[in-house]
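To keep things clear, I will list the structure first and then write my remarks on it.
Throughout, read-outs are computed from the coordinates displayed, never taken from laboratory work. Here the structure is a predicted model, which means the values were calculated and not measured. Ideal geometry is used to build each Cβ from the backbone, glycine not excepted, and the neighbour counts take in all protein chains shown.
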Amino acid sequence: MQKSKLDKFIQKYNLGGNVNQVKWVSKDNKLSTSFVTPDKSLMGSVNVDNFTFEDVELGVYTTDQLMKLLNVLDDDVKLKVTKFGDRSVSLKAENGSVSFDYTLSDLSIIPDTPSLKRLPTFGTKIKIDTKFINTFIKGKTALSETETFTVINTGDNLEIIIGYSSTNTNRVNIPVETETNDLSEPVSFNANLFKDVLVANKECSSATLEVSNEGLARINFKVDDYDSTYHIVATQGVD
């Protein structure tokens, strides 16, 4: 299999190191995981199709360490799981004569991803394209210490503002195109996490950011064999 396919799967949930502890589920040539950040401000799921591997569940406790080990190998790798009884204890990856062994964790110590029992109505839908993704990433990089971005209904249109405040501040204003817009009040989200989500899915040229007046955002990316969904909880109101 291609190591690059596994790398991309990992990047879409690891989000620059924000998520390390997950359960991988391989079944019917599909690899999937669900996850939540330690502060529970973002949760999501990533699925990749056409992933040829045995049907198995794996506990990955230190994703960052696994990524470093994968970097040792060239792109064409073979994966094998070592089991003790019905428990998966290690993952072996090899490329030619070079290989590594990664110790797997007991599934019971992997944090459960909360279930969203009731989703609010997402009355605002924002079109996301390559230009927006690149602009937001550059804007957040320029304002590296800024923690939030805010979705604001100006009456005539919708804007996403990195660094919004009622006082005079450095900020980046990004006009956006909407499919629907019923936003009643400005709502703010974690800009660092959203940037990491965009970076991990940068190859996707078309997506929709949905925003609820109840303080939840959702974005889904579908590209090639990957299907990634992220739910982001609003932060406290900014000054």
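Within the set of other residues whose C-beta is less than 12 Å from the C-beta of N213, count the net charge using Lys and Arg as +1 and Asp and Glu as -1. If you can, show how the numbers build up before the last one.
On the way: positive: none; negative: D182, E185, E210, E214.
For residues surrounding N213, the net value is -4.
List, in the order given, every pair from K78/K222; K68/K117; K8/K78 whose Cα-Cα distance in the structure shown is over 28 Å.
In this structure, K68/K117 exceed 28 Å between Cα atoms.
With unit charges on the beta carbons (Lys and Arg positive, Asp and Glu negative) and the dipole taken about the Cα centre of the chain, which residue among G59, A217, N18 sits farthest to the positive side?
G59
Give the peptides 71-83, 106-118, 218-230 in descending order of average Cβ contacts within 10 Å, highest first. Numbers along the way, then the final one.
On the way: 71-83: 13.5, 106-118: 10.6, 218-230: 18.3.
Packing order, densest peptide first, comes out as 218-230, 71-83, 106-118.
Using mean Cβ contacts within 10 Å as the protection proxy, how do 92-98, 47-53, 58-64, 146-152 order, highest first?
Output ranking for 92-98, 47-53, 58-64, 146-152: 146-152, 58-64, 47-53, 92-98.
Simple spin-label model, 7 Å along Cα-to-Cβ: S97 to V81 in nm?
So the two model labels end up 3.1 nm from each other.
Could you give the dipole magnitude of the stretch 100-140 about its Cα centre, charging the beta-carbon of Lys and Arg +1 and that of Asp and Glu -1, in debye to the nearest 20?
Dipole size: approximately 580 debye.
What's the extension gain from T62 to D49 if we count 0.36 nm per residue and subtract their Cα-Cα distance?
Values: separation 13, 0.36 × 13 = 4.68 nm, distance 2.35 nm.
Length difference between fully extended and current span is 2.3 nm.
Quick check: Cα centre of the stretch 175-229 to Cα centre of the stretch 20-65, how many Å?
When both Cα centres are located, 21 Å separates them.
Would you please state the base-10 log of I(q)/I(0) at q = 0.09, 0.10, 0.15 1/Å for the chain, with intensities from the Debye formula using one equal scatterer on every alpha carbon?
Taken in order of the listed q values, log10 I(q)/I(0) reads -0.43, -0.52, -1.02.
Less than 14 Å from a label point 7 Å out along the Cα-to-Cβ axis of V89: which backbone N atoms in the stretch 102-143 qualify, by residue?
Backbone N within reach: 102-106.
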